[in-house]
Each structure stands twice: as C-alpha cells, then as structure tokens.
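Notes follow the structure.
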Amino acid sequence: MYKNLLSVGGLTLLSRATGFLRDVVLGAVLGAGLLADAFVVAQRLPNHFRAIFGEGAWNAAFVPTYSRVLQGEGLEGARRFSGQIFVGLLILQLILLALAFVFTPTLIDLLAPGFRNEPEKFELTQTLTRITFPYLAFVTLVTLQSGALNAHGRFVAAAFAPVLMNLSMVAFLAVAFLFPNAGAAAAWGLAASGAMQLALTTFAAWRAGILEIFSLPRLTAETKQFLAMLGPAVIGSAGVQIALFADTIISSLLPTGGPSSIYYADRIYQLPLGVIGIAAGTVLLPQMSRLRAAGRSDDALRAQNRTAAVSLALTAPFFVAFLTIPDLIMKGVFVRGAFTASDAHAAANVLAAYGLGILAVVLLRSAVPSFQAAGDTRVPMAAALIAVAANVALKIALFTPLGAPGLAAATSFGAWVNLVLITLLAMRRGLMRPDALLVKTAACAGAASLVLAVFALFARAPLADLARHAGRFGEEAHLILTGLGGALVYALVLLVGLRLAGVRLRRGPARKGTADARPA
C-alpha cells in the first residue's frame, strides 16, 4: 500500500508542481483584477459540477460496486458494468452541457450575482464559461475510467492526467496573443486539456485490458446497487459543493480582486490536499473495498490507520506554515508581473484562514472510506450536510466583518465538524479503530510541529537578512531557505520522536511493545 501511496503522491506532487507553474503564469499574466475574477468564476462553475457528479460521488459509488462485480463476475462482467455506466454518464453530461450553454447568463446570475453590476465583467465571465464548460464532460468520463484503473491497482495514468491540464493551460497562455485576451487563452487551454486527459485514461484502460465494453445502460442488479449508492453520494458531494457555491456567490459581492485572492490562496492550500489527502483517499478506498469484500475487516482497519498516520505526519508542517508564514509564501510564489505585494497580502490572510482546517480536510480522506468501503454512502452524506449547514451559516456571519478570510475560516470550521461527526459515527459502528501506530504518530507530529513553529517565528529575521544577497529574487530565496530549514527541523524531530515512541518504519518482525508501520 505504501508503494501505491507514494506513487500516487509523487505523481500528484508533479501535478501540483506543474499547477504551481500554471498559477504563477496566471498570476503574472492575469494579475488579481477584473480579468482574473472572470476566469476564476468561469473555471469554477464546471469544476463545481465535476466535484458533484464526478470525483467524489462517482468514486464513492463506482469503486466499491466495480470491485464487487470484479470479485463476483470476473473481468468481463466488470467491463460490461463500467461500459453501461460510461454511456449513461456521457448522456447525462451532454444534457447538462446543453443546458449550461443555453442558460449561461442565468447560471452566472445565480452563482456570481455581484458580477451583474459590472457589465464588462459579466459579459467576459459568460464568454469564458461557455468555453470552459465542455471540460466537465471530458473530466467526468476520466474520473470513471480512473476509478476502474484504481480498482485494478493501476494509479499512474489517473494521477498523471491533471499534469496535462496544467501544461495545456501554460501552453495556451504562452500564445495568448492569438486570442482576444489572456482569459480566453486560459479557458481554451482548460477545455482542450479535458480531451487530452480522456485520451490518456482511455489508452491506459485499453493497454491494461480493462477498457469498457460499451452498451446502453440497463437496470441490472449491479446497476441498481450502484444507483442506490450514488444518490446519497451525490447529495453528500453536493453538500460540500454548496459551501463552495456559497464562496463563489458571496465572493462575487466583494470588491474586484476578492474572488482572485480566494483563488490564489486556494491554489497553495490545495498542494497538501492533492499530494497527501487525495493520494491517500485514492489508494485507501479501493484497498479497503477489496479487503472488506474478501472478509478481511481487521486488515482494512490497519490499512486505514497506516494511511491516516502518514497523512497526519506529512500534513502537520503545512498547517504550521500556513499559520506562521502565509505572507512569505504568497510573496515568494506569486509577486511578479501583474501580481502585486498588496495582492499577496490579501491572499495571505485567506491562506491563514484555510490553514486552520487543513488537517481536518486531509484526515477526512482517510475517515470517509470507513463507510464507503462498506457500501454505506448515507452516513457521509448526512455528516457532510450538517457540516455544510454550519459552514454556510458561519460564512454569512463572518462575510461582513472579515471579508474573504471569513469565508475561508468558515470552510475550515465546516471541515472540522465533518471530521468529528464521521469519526464518532465510524467508531460507534466499529468501522474505525485507532491503533497504537496512529496515536504515537499523532503525538510525535504534534511535538515536531511545535518545534517547527518556534523555528518559523524566530528564524525569519536572520533568514531574511541572508536572502537579501539574492537581490531581486530575495523573496523567493527567503521562502526557499525557510522551507528547507523548516523541513529539516520537522523531519529530524519527527523521526527521533517516532524512534523513541517505538514506531518501526523498517521491514522486519515487530518487537513486542512496538507499533509496526510495515505495509500489508
């Protein structure tokens, strides 16, 4: 499992690295003004629907069902099942795409009402949305094929697909002079990347011998089971997206630059979520599904605890960094071209608020599979809806006094509510059982985080003086020096703590009184 986790994490890290390149180019070309605000909303709309009908809900229902069909009917049965779902999903996406094209102005009025008062911004957002929306159809099909590939232990193509999106957008921005504006270039780059990603996963599925056997959907027993799981999963995913919709709606009422500050802060915030959280969930759900289908519930719980322990240890330093040096991060990454120091300061405040919830969001990726792997999507749905209600209520309360950072703080609060509910309900049902490895790792990560926080606060001034020797690249040098120094301090304290706590990271038989961290 660790090999798969590191493989997915490494490729997702590559995706995030190229994503950084994309966002740095976007920031330099678009800045944080009217053009950037319009593009942010235009690309957010298809991504909201993708998250509802694609990644979250579809994987939660499709992967466990596909794994059971694979176990019971063999590969041919699984290919027929995935082929029927593929065709049904394609029909649904084409209908949704047609409706989005016809009702684009209404969609923008609903989700970005503040733009209607600025005709230029509204018209630009409408044009860009019609360009970006086909991306939804492509990427939801990619998500389905990725689920099948993951169920067979093949993670590379699905994890690499987002890299194509980043490179496509950078390439289109490089020739932005061929388009009416840079926002249109970025939008076309996003749409084109969807076709590239679908070509990649289709080739990977064909090469693995698991490409769908296409046929019109039929209400077989497996399809009924899938749809029974899909309904609650869609509602649960929609619940999370309601909070993001609220961000889009409320941020459109902010002065120009508000939506952009949320976008750029979110790009940094998504780094650990993508590299750690999504990688953990991608690997854990199919593994727990297979183990539970084989009647090995104890092994499934051990896999979950190992994944949660690794996720916690890797995420903790990001939590510290986002709270102690958010301004340094935003300046070092984005300040160039059209992106100013004041833009960085605004985004840094949002990043700090997001940082309050990053541990909860990452750990949710290890907690939710407790229910999903057992075929239960109703409890995650209920927990997500309760968390969303708390999230949206707090957004409304904090929007006026705090602005964009208030929206991010509410998101963090909702994530903690969701995690606490899922954990308590899973433990009550025996679907989650924290073990010594997880408890000891959490304690060691906490101690290492305290030391890292002290380093970040007291080493800042000396490192800033040293970074001045880099001249015009002083901010970048300061960030790099702080990041490298902090990573060394955290890793050293963590590894010493794990050793003293008896957590063994090497292969070999576990001694009595130690927590064995070997992969299954």
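Quick notes
- For LEU128, the requirement of being modelled with pLDDT of 90 or more, closer than 14 Å to ALA187 by Cβ and surrounded by 15 or more Cβ atoms within 10 Å (Cβ to Cβ) is met.
- Residue under evaluation THR256, criteria (1) open to solvent by 50 Å² or more (accessible area, probe 1.4 Å); (2) within 30 Å of ALA353 (Cα to Cα); (3) at pLDDT 90 or above, criterion not met: (3)
- Unmet criterion (only one of (1) farther than 23 Å from VAL420 by Cα; (2) modelled with pLDDT of 85 or more; (3) in contact with a helix residue (DSSP H, G or I) (Cβ under 7 Å, 6 or more places away or on another chain)) for VAL335: (2)
- Residues being part of a helix (DSSP H, G or I) and touching a residue at least 60 places away in the same chain (Cβ under 8 Å) - total across the stretch 111-126: 8
- PRO405 being in a helix (DSSP H, G or I) and either open to solvent by less than 50 Å² (accessible area, probe 1.4 Å) or at positive phi (or both): yes
- When we screen LEU425, LEU498, LEU466, LEU479 for residues that are farther than 20 Å from VAL362 by Cβ, at pLDDT 90 or above and crowded, with 18+ Cβ neighbours inside 10 Å, the only hit is LEU479.
- Checked against (1) more than 26 Å from LEU273 (Cα to Cα); (2) modelled with pLDDT under 90, GLY147 passes all but condition (1).
- Test: ILE262 is aliphatic (A, V, I, L, M) and at pLDDT below 80: no
- Taking residues in the stretch 322-339 that are within 14 Å of ALA453 (Cα to Cα) and open to solvent by 40 Å² or more (accessible area, probe 1.4 Å), and partners anywhere that are among the aliphatic types (A, V, I, L, M) and in a helix (DSSP H, G or I), the pairs with Cβ atoms closer than 8 Å and at least 6 places apart or on different chains are LEU323/ALA352; LEU323/ALA453.
- Some residue of the stretch 76-93 being more than 27 Å from the chain's Cα centre (by Cα) and surrounded by fewer than 13 Cβ atoms within 10 Å (Cβ to Cβ): yes
- Members of the stretch 23-40 found to be at pLDDT below 85 and open to solvent by 30 Å² or more (accessible area, probe 1.4 Å), listed by number: ALA28, LEU34
- Every residue from the stretch 199-220 that is part of a helix (DSSP H, G or I), of a type in the set (Phe, Trp, Tyr) and in contact (Cβ under 8 Å) with a residue 12 or more places away in the chain: PHE203
- All positions within the stretch 270-320 that are β-branched (Val, Ile, Thr), at pLDDT 85 or above and over 15 Å from GLY355 (Cβ atoms): VAL310
- Filter pass, LEU421 being of a type in the set (A, V, I, L, M), farther than 23 Å from ALA353 by Cα and part of a helix (DSSP H, G or I): no
- Among the conditions (1) within 17 Å of LEU200 (Cβ to Cβ); (2) more than 17 Å from the chain's Cα centre (by Cα); (3) touching a residue at least 24 places away in the same chain (Cβ under 8 Å), the only one that MET165 does not satisfy is (2).
- Candidate set: the stretch 1-22, residues that are in contact with a Phe, Trp or Tyr (Cβ under 7 Å, 6 or more places away or on another chain) and not polar (S, T, N, Q); chosen: the one modelled with the highest pLDDT: LEU11
- In the set PHE177, PHE172, PHE155, only one residue is of a type outside the set (A, V, I, L, M) and within 20 Å of the chain's Cα centre (by Cα); that residue is PHE155.
- Selection of the stretch 298-318 for residues being open to solvent by 50 Å² or more (accessible area, probe 1.4 Å) and over 19 Å from LYS440 (Cα atoms) yields ASP298, PHE318.
- Every condition in (1) within 14 Å of PHE39 (Cα to Cα); (2) of a type in the set (S, T, N, Q); (3) open to solvent by 20 Å² or more (accessible area, probe 1.4 Å) holds for THR106 except the one numbered (1).
The values are calculated or read from the model by the stated rules, or taken from the named source; none is laboratory data. This structure is a prediction, so every number in the text was calculated from the model and none was measured. Ideal geometry is used to build each Cβ from the backbone, glycine not excepted, and the neighbour counts take in all protein chains shown. For the accessible areas, the whole protein counts, side chains as well, though only heavy atoms, and no ligand, DNA or RNA atoms are used. Shrake-Rupley method; radii C 1.70, N 1.55, O 1.52, S 1.80 Å.
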